[in-house]
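For reference, the structure discussed in these notes is given below.
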Amino acid sequence: MSTFTENYDLIKPDNEDYYDIQDFNENMDAIDAQLAQAEQKVAAIQASIATAEESLAAINKKLGTPDSSTSELLRTL
């Protein structure tokens, strides 16, 4: 009798089970869907990072580079 994987309920046929191509196809569809979701999440995170980097670069450009006296003052705080 088949069992199922813990995380994604993929079908795990038992040694005595007859091979069923439908089980294989269902497993592949489930894996494909999970990979697609993971890729979309990674792309969204990468876009957020790029936006944050652009914002940080714009802030740094507005602030400029502190001169040596400002740097020394900041170190004493």
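Just so it is clear, none of the values below were taken in a lab; they were calculated from the coordinates. In this text the structure is predicted, and so the values were computed from the model without any measurement. Don't worry about glycine lacking a Cβ; one is built from the backbone with ideal geometry, like all the others, and counts go over all protein chains shown.
Things to note:
- The chain: GluC sites (Glu not before Pro) in DSSP coil with no more than 10 other Cβ atoms inside 10 Å: 6, 16
- Which labelled figure in (1) 20, 57, 22, 1; (2) 22, 61, 17, 0; (3) 15, 22, 16, 13, 11, 11, 9, 4 is P(r) over Cα pairs in 10 Å bins from 0, in percent, once derived from the coordinates: (3)
- Unit charges at the beta carbon, dipole of the chain: most positive-side option, 50, 7, 37: 50
- Rough spin-label spacing in nm, given labels placed 7 Å along Cα→Cβ, for residue 28 and residue 54: 3.9
- Within straight-line reach of residue 61, meaning a Cα separation under 14 Å, sit the following aspartates and glutamates at least 8 residues removed in sequence or on another chain: 53.
- Amide H partners (placed H, <5 Å) of residue 10, local residues excluded: 5
- Relative to the longest principal axis of the Cα atoms of the chain, the long axis of helix 21-63 lies at roughly 0 degrees.
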